Amino acid sequence: MTEVITRFAPSPTGVLHIGSVRTALYSWLYARQNNGKFILRIEDTDKERSKKEFEDNILDGLNWLGLNHDEFYRQSDRSPIYKKHLIDLIAKGAVYLSKEEPKEPGERAEVLRFKNPNRVVTFHDEARGDISFDTTELGDFVIAKDFESPLYHFAVVVDDFEMGVTHIIRGDDAISNTPRQILIQEALGAPRPIYAHLPMILAPDKSKLSKRHGALAVTEYREEGYLPEAIINFVALMGWNPGNDQEIVSIAEMIKLFSLPKIQKSGAVFNIDKLKWLNKFYIKTLTQEKLANEILLRLTETLKEYAKNNPMIFSKMIPIIVEHISFFEEVSTLAESGEYDYFFVDPMYEREGALWKDEKDPIIASQKLKKVLFLLNDIDDAFFTPETIKTAVWNYATEVGRGSVLWPMRFALSGREKSPDPFTLASILGKEATIRRIEYAMKLLLS
Ligand code: GLU
């Protein structure tokens, strides 16, 4: 049995995109499943458009996602290898030097062309079945500008051959390139690898995927506070499924269950809401310490200070914060909009806000808060938990109308239209601050 060797072969002409991650992931999974080898090959034959910063971004992104490679190559380091094969092919008569009419003065007057046998090429695709192409229309195509400058199609085929690649898993935009690559392969005497072309990733409305649909570079997702586990899980399910409708799939399960024939033929749909949902799921699996770090990082300077000086309050805020976000960068937005201030600072507000929609009489509202104060007073400081607070207030609130008691109570604590329930809030703030804030609301209502 030959060892399975797969490769991910990005061109460093742009950052690592979510669609390319899928190509990398499937190739990686297949190699890991078969105890094979996963090669990372930087395809920088296009000297003008290839940039070191893009290569760095690709490596950074793959590393962050945990898609580790066993071997690394860069095409620009391999010129002598391509040259050797060009010379061999010329000797065999499969490639010839072709005199060209320069289009512009000073342009090269000679290129290397592949002598097209002009026939129908049929190949099997693991994901799509048999595909046939008549290569006649390609003519004698150019495979190198000169001996030092191979073109993309030639370098790919030489590399896959030299590196012993057994399975080529890549985007279906490469399908139309495959017949010409097979012709080159045959001329080189290279074995034909197994192909699997992945369906395009489309926006939910089946249009071309773009930033507008939430499709970002991998490093941008990292900045937004997405977790690598969520990205991997999300990407894995765009075009493949484990044979059921399971949504949460671990890496270990993917390695076990991944299968090339199960890759779907139709376009895969990119759904940012699903990614958010997955990310929320994985965020909830993080330790309290990790959550605290990620959140702290995104608080305003003032809130950071408060959090450091009030560690108890901060640690109790964490589950509440987590409940309301799908990715960590949302914390920044909420922090900047003042959403977390009331955990640390007594809120200021207009009297109107403390009045429930069905009970607009401030005197009655104030009387109800007075009763709440009375009930809370009986709870010992050390047992000021959501449960004891709820037990203390609940019967009374039910008796006289929950909204008319709980709305002013909650508003007194947060000064906001929306906030956690008053029991949770009171327990986070502690008895002293709770009483102080309710007394303030009563004063305001009666003023
Ligand atoms: N460098 C090519 C690309 O980024 C790779 C295609 C292939 O996998 O053969 O599209």
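Here are the numbers:
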item: For peptides 28-34, 430-436, 40-46, sequence by mean Cβ density within 10 Å, most packed first; result: 28-34, 40-46, 430-436
item: Label-to-label distance, nm, for residues given as Asn395 and Ile87 (7 Å Cα→Cβ offset); result: 9.8 nm
item: Per principal axis, descending, Cα span of region 209-302 in whole Å; result: 54, 31, 18
item: Crossing angle, helix 52-65 versus the chain [Cα axis fit, 0-90 degrees, rounded to tens]; result: 60 degrees
item: Highest average packing first - 247-260, 171-184, Cβ atoms within 10 Å; result: 171-184, 247-260
item: Net charge, Gly225 excluded, C-beta distance under 9 Å - Lys, Arg +1, Asp, Glu -1; result: -3
item: Value of D in µm² per second that Stokes-Einstein yields for the chain, Kirkwood Rh from Cα pairs, at 25 °C (0.890 mPa s); result: 92 µm²/s
item: Amide H contacts under 5 Å for Phe258, placed H, 5+ residues apart; result: none
item: Cα pair distances exceeding 28 angstrom across region 1-145, given as percent; result: 40 percent
item: Hydrodynamic radius of region 279-364 per Kirkwood, over alpha carbon pairs, in Å; result: 14.5 Å
item: Overall Cα dimensions of region 366-418 - principal axes, largest extent first, Å; result: 29, 24, 17
item: Amide H partners (placed H, <5 Å) of Lys37, local residues excluded; result: Val4, Ile5, Thr6
item: Whole-Hz ³J(HN,Hα) from phi, Karplus 6.51 cos²θ - 1.76 cosθ + 1.60, for region 356-368, glycine and proline x; result: 6, 4, 9, 8, 9, 7, x, 5, 5, 4, 5, 4, 5
item: Cut-off under 5 Å, modelled amide H: who pairs with Leu198 long-range; result: Arg170, Gly171, Asp172
item: Stokes-Einstein D in µm²/s, Kirkwood radius over Cα pairs - region 268-319 at 25 °C with 0.890 mPa s viscosity; result: 195 µm²/s
item: Helix 152-162 axis, angle to the chain major axis (alpha carbon atoms, nearest 10°); result: 90 degrees
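Bear in mind that the values in this text are calculations on the coordinates, not laboratory data. Treat the numbers as computed from the prediction; the structure is a model and nothing was measured. A quick note on method: Cβ atoms are made from the backbone with ideal geometry, for glycine too, and the neighbour counts reach across all protein chains shown.
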